[in-house]
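What follows is a short report on a single structure.
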Amino acid sequence: MKQFARVCYSIGKMLKLNILSVAGRVEDKTKIKIKEFGSCIVLALGITIFSEVISRNSFMDTINFIINRPVLFLGNLILINAILSIAFIFEHRLLAYVNAMLLFVILIVAHKILLNMRGTPLVFADLKAIKFGIAILAESVGEIRLISYLGIVMILYGIIVTVVSNYRYRRRVLFSVMNVLLGIVSFALLTRLGCITSNVWAQNTDYLDSGIYCSFLSSAVNSRINRPKNYSRNSVEEIIINEENGHLNKDEIGNAQDNVNIVLLQIEAWMDPYDIPGLTYSKDPIPNLHAAMSNYTSGKIDVEIFGGATVNTEFELLTGLPLDYRPLNDYPYLSTLTYKTVESLPFYLNENYQTTAIHNYYGDFYNRDKVFKNLGFERFISMEMMQDVEYEGLYPSDCIFTQYIPWVFEESEEKDFVFSIFVQSHGPYYTSSIEYPQIKTNGNFAEELLNNVDWYLLALNSIDSYIGELFDYFDKYEEPVICFVYGDHQPALNILNDKDFLSMNLDYERYKVPYICYNNFGLEKNNLDMEAYQVSNYLLKLSNNKGGRVTNIHELFNADDKYQSYLELLTWDILNGEGYIYQNKPSYQNVNTEYGLLPFFCSDVTIVENECTLITGSGFNEFCRVKLNGRDIDVTYQDSHNLLVHTVVRENDSLEIYRKGLYRTIGESIKIGGKK
């Protein structure tokens with residue numbers, strides 16, 4: 001009996017020890033899980049706060065965001081935590097964390113750059129233009145320096161990866177899945193309740209109200225191009241029938257003339273400085289433009305962008321199609337127009353006009369070299385076709401237009417349509433003081449905000465003088481000329497995004513830009529405001545030219561209740577639909593666009609002293625590159641007729657001369673054999 005009792009005691013003791021051991025192990029596992037899950041949440045919290053501080057330029061503004069909008073701050077935190085929790089799927093969890101944080105760093109840097117450049121945040125559609133951003137960064141920083149920076153980053157990344165790869169953790173797939181689902185449900189709920197805003201007219205404040213990551217994800221969700229609910233063959237044919245039965249009246253504008261030369265001056269980030277409430281200036285920043293406003297028809301144009309995305313104003317103005325019904329920051333120049341023709345002002349005018357586009361920046365920026373042939377431009381003069389380009393700050397000087405527009409006029413035997421895209425006044429604008437400012441801005445605002453405006457006015461005042469020179473040239477020109485001057489969008493001035501300025505000016509209209517319709521033949525002054533997509537029809541009426549389906553809709557139905565519905569259907573049908581408006585047949589064929597004004601050819605290749613080769617020809621400039629047997633070689637631009645190659649080109653060598661844009665060849669290249 002005693003022996004049995006001792007056995008029972010021993011068994012009980014063993015069970016107790018086992019239970020305590022199991023309980024201890026469970027407790028240890030729970031502590032490990034809490035530690036792992038907690039570290040993920042803490043890391044997400046740090047990333048969220050850091051991102052908001054960088055985005056808002058203020059720690060206190062971030063604290064106010066957390067206090068005043070805790071639900072949205074929590075929503076951003078949950079999104080970051082959901083992304084970080086994906087790391088729990090992998091054994092090398094720390095490596096996954098490093099890659100996730102690298103992604104967040106890239107996003108916040110891109111967001112900050114765009115805020116400085118154009119005053120609006122990073123949105124999903126900007127990813128389509130990432131190649132242009134990288135190319136511009138390489139140009140502004142310098143390829144060698146950029147490669148050096150990237151090399152340093154890659155070395156640091158390699159060191160970190162080597163260290164963290166040694167650590168392995170148990171996979172926790174359920175935790176990862178639950179957090180991702182929580183992130184999706186939270187975002188969907190916040191969107192459904194209207195907490196996350198996605199207003200095309202308030203991009204600059206959406207990210208402040210919703211947080212950087214909720215705002216970016218919202219732009220991604222809303223980036224889908226939705227087909228109009230009433231789109232069908234029958235609905236478009238109804239438009240055709242109503243258009244054909246309508247009566248066009250093109251005689252509403254007094255003194256309109258036939259065979260008028262038409263010039264469009266699209267001024268980068270132009271606004272009237274006097275439209276900024278609370279600011280005064282030491283003198284008139286744009287005297288020539290203000291004088292023109294007094295003497296010729298002028299007013300405001302409604303655009304759908306602020307601070308950047310110039311090509312969307314271009315698109316609306318040239319095609320007459322509104323982007324109001326498209327997703328936030330949709331860029332037709334980066335999609336449809338690269339492969340599809342769209343009826344436009346150049347196509348309407350090509351029969352009787354020589355149509356030319358001039359831009360003192362890279363021809364492949366926003367794919368203009370591909371797009372313009374699908375918009376009907378017969379000639380494109382981009383920066384790669386220009387000689388001796390001068391720079392003012394970060395961008396080329398717009399003085400080049402005082403040379404090239406008259407050059408186009410004198411060279412052409414037809415009437416001219418010239419579309420000129422200025423770039424000098426592009427942001428960002430510095431906040432440091434100008435030592436000897438030509439124009440001083442005054443107002444009850446921080447000195448950095450006023451300095452920022454001073455830098456903008458420095459560029460704008462120069463442009464005003466160039467436009468004054470062009471007006472003088474047109475005044476003396478023997479043929480009738482219409483010169484339509486307008487802004488593509490308002491500038492990304494810091495004051496226009498300042499919270500104090502915005503609180504004092506709740507009704508400030510940031511999506512209106514000025515225009516002036518100069519002419520040298522006495523058109524009646526008739527001030528009016530219009531949409532950017534109505535300008536092409538307006539210019540056709542001024543010059544007694546015929547348009548197409550789109551301009552007819554503007555002319556016939558602009559006062560009709562169906563006007564906007566018709567435009568929405570047409571925009572979808574032409575860009576994304578079946579083309580019912582043209583009975584499924586392409587109405588316009590792309591043109592064989594010529595590049596530049598000077599002929600581009602090589603007449604001779606000669607070996608000169610110091611083992612160099614002189615290439616003689618025409619149309620050469622600083623953007624010319626030379627390939628010898630398929631490889632780029634050093635070349636020195638001497639003048640428009642001579643390039644010096646720093647090697648000997650032999651008789652059997654192949655030689656190619658081309659003009660390089662941001663990342664591809666612009667126009668045709670010259671391919672020749674070498675000569676002794």
Regarding the range 314-330, can at least one residue be identified that is of a type in the set (A, V, I, L, M, F, W, C), open to solvent by 10 Å² or more (accessible area, probe 1.4 Å) and under 26 Å from D258 (Cα atoms)? no
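Each row is one residue, and each column tells you yes or no for (1) open to solvent by less than 20 Å² (accessible area, probe 1.4 Å); (2) modelled with pLDDT of 90 or more; (3) not aliphatic (A, V, I, L, M).
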| position | (1), (2), (3) |
| --- | --- |
| D364 | yes, no, yes |
| P396 | yes, yes, yes |
| I405 | yes, yes, no |
| S432 | no, yes, yes |
Subset of the range 474-496 (residues that are part of a helix (DSSP H, G or I) and open to solvent by 50 Å² or more (accessible area, probe 1.4 Å)): D475, K476, N494
Residues being part of a strand (DSSP E or B) and either open to solvent by 40 Å² or more (accessible area, probe 1.4 Å) or among the hydroxyl-bearing types (S, T, Y) (or both): count how many of those fall in the range 656-676. 7
Among the residues of the range 632-655, are any under 23 Å from T355 (Cβ atoms), small (G, A, S) and open to solvent by less than 60 Å² (accessible area, probe 1.4 Å)? no
Run down N520, N545, N558, N592 and say which single residue is open to solvent by 30 Å² or more (accessible area, probe 1.4 Å), touching a residue at least 12 places away in the same chain (Cβ under 8 Å) and over 31 Å from the mean Cα position of the chain (by Cα). N520
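Residues checked against (1) touching a Cys at 6+ places or on another chain (Cβ under 9 Å); (2) among the hydrophobic types (A, V, I, L, M, F, W, C); (3) closer than 14 Å to S669 by Cα; (4) not in a strand (DSSP E or B):
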position: Q589; (1), (2), (3), (4): no, no, no, yes
position: N592; (1), (2), (3), (4): no, no, no, yes
position: V605; (1), (2), (3), (4): no, yes, no, no
position: T613; (1), (2), (3), (4): no, no, no, no
position: T616; (1), (2), (3), (4): yes, no, no, no
position: D632; (1), (2), (3), (4): no, no, yes, no
Exactly one of these conditions fails for E392: (1) open to solvent by 10 Å² or more (accessible area, probe 1.4 Å); (2) of a type outside the set (S, T, N, Q); (3) farther than 29 Å from R510 by Cβ. Give me its number. (3)
N629 being within 19 Å of L321 (Cβ to Cβ) and at pLDDT below 90: no
Please go through (1) in a loop (DSSP other than H, G, I, E, B); (2) among the hydrophobic types (A, V, I, L, M, F, W, C); (3) under 21 Å from R549 (Cα atoms) for L318 and return the number of the only condition it doesn't satisfy. (1)
All but one of (1) free of Cβ contacts under 8 Å to residues at least 60 places away in the same chain; (2) of a type in the set (S, T, N, Q); (3) surrounded by 19 or more Cβ atoms within 10 Å (Cβ to Cβ) hold for S536; state the number of the condition that does not hold. (1)
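The values are calculated or read from the model by the stated rules, or taken from the named source; none is laboratory data. Note that this is a predicted model, so its numbers are computed, not measured. Neighbour counts are summed over all protein chains in view; Cβ atoms, including those assigned to glycine, are modelled from backbone coordinates with ideal geometry. Calculation scope for accessible area: heavy atoms of the full protein, side chains included, ligands and nucleic acids excluded. Shrake-Rupley method; radii C 1.70, N 1.55, O 1.52, S 1.80 Å.
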